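Visitor: Quick one: structure below, then a few questions.
What follows draws every value from the coordinates through simple rules; no lab data is involved. Predicted model only: the values in this text are computed from it and were never measured. Ideal geometry is used to build each Cβ from the backbone, glycine not excepted, and the neighbour counts take in all protein chains shown.
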Amino acid sequence: MKLKIVLLALLLGVTTSCSKMVEDAIKNNPEIVFKAIESKPKEFFETIQKAQMEAQKVAQEQASKEMEKQLEGEFKNPKKPVIEPDRAVFGNKNAPITIVEYSDFQCPYCARAANTMNEVFAKYGDKVNLVYKHLPFKRFAEPAARYYEAIAMQDAGKAKKFHDILYANQPKINGGEDYLKSVAKEVGANLAKVEKDKNSDTVTKRINADRAEAEKFQISGTPGFIVNGVTVKGAYPLDHFVKIIDRHLKK
């Protein structure tokens, strides 16, 4: 009888002390919970599922609000990634929209993002360009980044082809340096120069600078983007980028 009174008090939200009493009662008599589940298992699991769905809904709404707040703040005070004059740029260098990407050649989400970037270019053409930067985590991601930058030192177009081939054949990157070398050869790069440049101080400093910049912008996973100063963390679909790009273009 006492337990029933305590449970009723908890449901009515009477006091914190009552909640403590219920907690102690269940700890001392866990069979109460077991019997309740056994008596109405269907209702119990439906309640759990409903609670999970409600929690997910609240979390999604909160995340959406936080994202909108972040977007508004960055439209007013855009982030400013460094784009070196000799950096490889995909697309029109004079485009009004510059997308800086921090990525890992072996990350499956980055492969998805590469497809999304192709959709962005298909939609906006010369209005956008992309600067591909590096945030390598996986085993062969940094060697791939080194090959990419070494090829880019020769020709940005060949670096773009190297980028596209790697993402189209991502599992093959596990072949390591042999595979990376074969792709460098396939895109027409000077292999002797690639071998020399990939481990140079220039390439090492560039990759390290990319990592540091990503950390500065609180991008801790891949892919991450800065779209004309506005951060996108993750492999979002095309419509998310459209929302940001269209707003920039209207300005």
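Visitor: Using 28 Å as the Cα-Cα cut-off, could you pick out the over-long pairs in LYS50/LYS138; LYS69/LYS160; LYS123/LYS216; LYS50/LYS216; LYS79/LYS127; LYS161/LYS193?
Guide: On the way: LYS50/LYS138 38 Å; LYS69/LYS160 34 Å; LYS123/LYS216 30 Å; LYS50/LYS216 40 Å; LYS79/LYS127 20 Å; LYS161/LYS193 18 Å.
Flagged as over cut-off: LYS50/LYS138; LYS69/LYS160; LYS123/LYS216; LYS50/LYS216.
Visitor: Under the rule of -39500 (n - 2.57) per DSSP H run of 4 or more residues, summed and divided by the residues of the chain, what mean residue ellipticity at 222 nm is obtained, to the nearest 500 deg cm²/dmol?
Guide: -20000 deg cm²/dmol, from helical runs alone.
Visitor: Could you derive backbone 3J(HN,Hα) for region 122-132 from the dihedral phi with the Karplus parameters 6.51, -1.76 and 1.60 (θ = phi - 60°), listing whole Hz in sequence and x where the residue is Gly or Pro?
Guide: 5, 7, 10, x, 6, 7, 10, 9, 10, 10, 8
Visitor: With everything on Cα atoms, drop me the angle between helix 41-76 and the longest principal axis of the chain, reported from 0 to 90° to the nearest 10.
Guide: 40 degrees
Visitor: Expressed as a rounded percentage, what relative contact order does region 81-197 have, with Cα pairs under 8 Å and six or more residues apart? Let's see the in-between values first.
Guide: Values: 146 pairs, mean separation 33.8, N = 117.
Relative contact order here is 29 percent.
Visitor: Moving on to the next point. Compute the convex hull volume of the Cα atoms of the chain, divide it by the residue count, and report the result per residue in Å³ as a whole number.
Guide: Hull volume normalised by residue count: 208 Å³.
Visitor: Kindly identify region 156-235 as rounded, prolate or oblate by the Cα gyration tensor criterion: order the square roots of the eigenvalues as a ≥ b ≥ c, call it rounded if a/c is under 1.5, otherwise compare a/b with b/c, prolate if a/b is larger, else oblate.
Guide: Details: a/c = 2.18, a/b = 1.58, b/c = 1.38.
Prolate, since a/c reaches 1.5 and a/b exceeds b/c.
Visitor: Okay, moving on. Which angle from 0 to 90°, rounded to the nearest 10, does the C-alpha axis of helix 16-28 make with the longest principal axis of the chain?
Guide: Helix 16-28 and the main axis of the chain meet at about 90 degrees.
Visitor: What FRET efficiency would be calculated for the residue pair GLU215, ASN118, taking the C-beta separation as r and a Förster radius of 30 Å, to the nearest 0.05?
Guide: 0.60
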